[in-house]
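A short write-up of the structure that comes next.
The values are calculated or read from the model by the stated rules, or taken from the named source; none is laboratory data. Since this is a predicted model, take the numbers as computed values, not measurements. All Cβ positions, even for glycine, are placed from backbone atoms using ideal geometry, and neighbour counts span all protein chains on display.
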Ligand SMILES: [Zn+2]
């Protein structure tokens, strides 16, 4: 019997559940609130209830499920199936989510970092489907990344590979959420753009953004900064161009280090790609080894919101020998 996998993308706002075939097709999908603020136990309950619900709605029996695969934000001990720390899930430290879900449902459980899962989804069926090696950068509130090397997720020694958001792009730059200064995330993430705008306004710089935030600086969002930039606001334009510039610097460092030419951008900020793409590309051309610089391709993600579900499921199919990539150009399913 062809078994399916339940892929679950655990976001700060929503839990996205999908029953995925070994072709990558999602045969049923539901989205439920995460309720992260209600605490760890509430989220775990929502995950387990969501799995029960999707099995019930899709009329799928547990014994036809090969495994459950959770794409979770934060640091994962993939050997122990433990979420060691998750900044977006308050109170989550050393949570043995794999064992809890397995004990509750009796189905094998895998946990993968969400950026890694998205990268694998993009490799399998998204913008990276012709690339054995790639970097997928998630651009949202923060900046994450997943690296695919030889068609597999590269985890590194401690499972934390791909944290491109915390590459230093300016040693004298602004404070980052991680405690360091001048990380890519401090310039090119949603939080980075907001913080830099607030900082500039406090220093007295003029911006047309003021007309969009009648109730104070708490109303600043990256979308509003992008909109103001589009309308020609100089300060917003400067910050958006900086976001592109530092992203380009980080990409060229990565491309020089690993000789990987496929870079995929994923996440909420990618919808404003056209505003920062030019500045990003200039840096990539300027800083990447000349014989390689023109080959570096920065692509928008192909799967968008389903990348986490599909990628998480794909990891289980690959582990079980049911998903094999034949070459850089083709893949096949057994
Ligand atoms: Zn950082």
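For this structure, a couple of remarks:
- Just one residue in the set 86, 69 is closer than 29 Å to residue 263 by Cα and at pLDDT 95 or above; that residue is 69.
- Per the conditions (1) within 16 Å of the ligand (Cβ to nearest atom); (2) within 28 Å of residue 53 (Cβ to Cβ), the sole criterion not satisfied by residue 106 is (1).
- Residue 197 vs. criteria within 14 Å of the ligand (Cβ to nearest atom), assigned by TED's automatic domain parsing to the domain that holds residue 233 and in contact (Cβ under 8 Å) with a residue 24 or more places away in the chain: no
- Looking only at residues in the range 21-52 that are part of a helix (DSSP H, G or I) and touching a helix residue (DSSP H, G or I) at 6+ places or on another chain (Cβ under 8 Å), the one that is nearest to residue 89 (Cα to Cα) is 36.
- The residue list 67, 12, 18 contains one member that is outside the structural domain of residue 147 (by TED's automatic domain parsing), in a loop (DSSP other than H, G, I, E, B) and in contact with a helix residue (DSSP H, G or I) (Cβ under 7 Å, 6 or more places away or on another chain), which is 12.
- Qualifying residue in the range 174-186 (condition: assigned to a strand (DSSP E or B), within 16 Å of the ligand (Cβ to nearest atom) and surrounded by 24 or more Cβ atoms within 10 Å (Cβ to Cβ)): yes
Residues checked against (1) in contact with a strand residue (DSSP E or B) (Cβ under 9 Å, 6 or more places away or on another chain); (2) surrounded by 22 or more Cβ atoms within 10 Å (Cβ to Cβ); (3) in contact (Cβ under 8 Å) with a residue 24 or more places away in the chain; (4) outside any helix (DSSP H, G or I):
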site	(1), (2), (3), (4)
255	yes, yes, yes, no
269	yes, yes, yes, no
277	yes, no, yes, no
292	no, no, yes, no
299	yes, no, yes, yes
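- Odd one out for residue 157 among (1) away from the ligand (no atom under 16 Å from the Cβ); (2) assigned to a loop (DSSP other than H, G, I, E, B); (3) within 16 Å of the chain's Cα centre (by Cα): (3)
- On the stretch given as the range 229-253, residues that are over 26 Å from the mean Cα position of the chain (by Cα) and either buried (at least 17 other Cβ atoms within 10 Å of the Cβ) or at pLDDT below 95 (or both) total 2.
- Some residue of the range 224-240 being in a loop (DSSP other than H, G, I, E, B) and within 16 Å of the ligand (Cβ to nearest atom): no
- Within the range 93-118, tally of residues that are crowded, with 16+ Cβ neighbours inside 10 Å and either free of Cβ contacts under 8 Å to residues at least 40 places away in the same chain or under 19 Å from the mean Cα position of the chain (by Cα) (or both): 11
- Condition met for residue 192 (farther than 20 Å from residue 113 by Cα, near the ligand (Cβ under 10 Å from one of its atoms) and assigned to a helix (DSSP H, G or I)): yes
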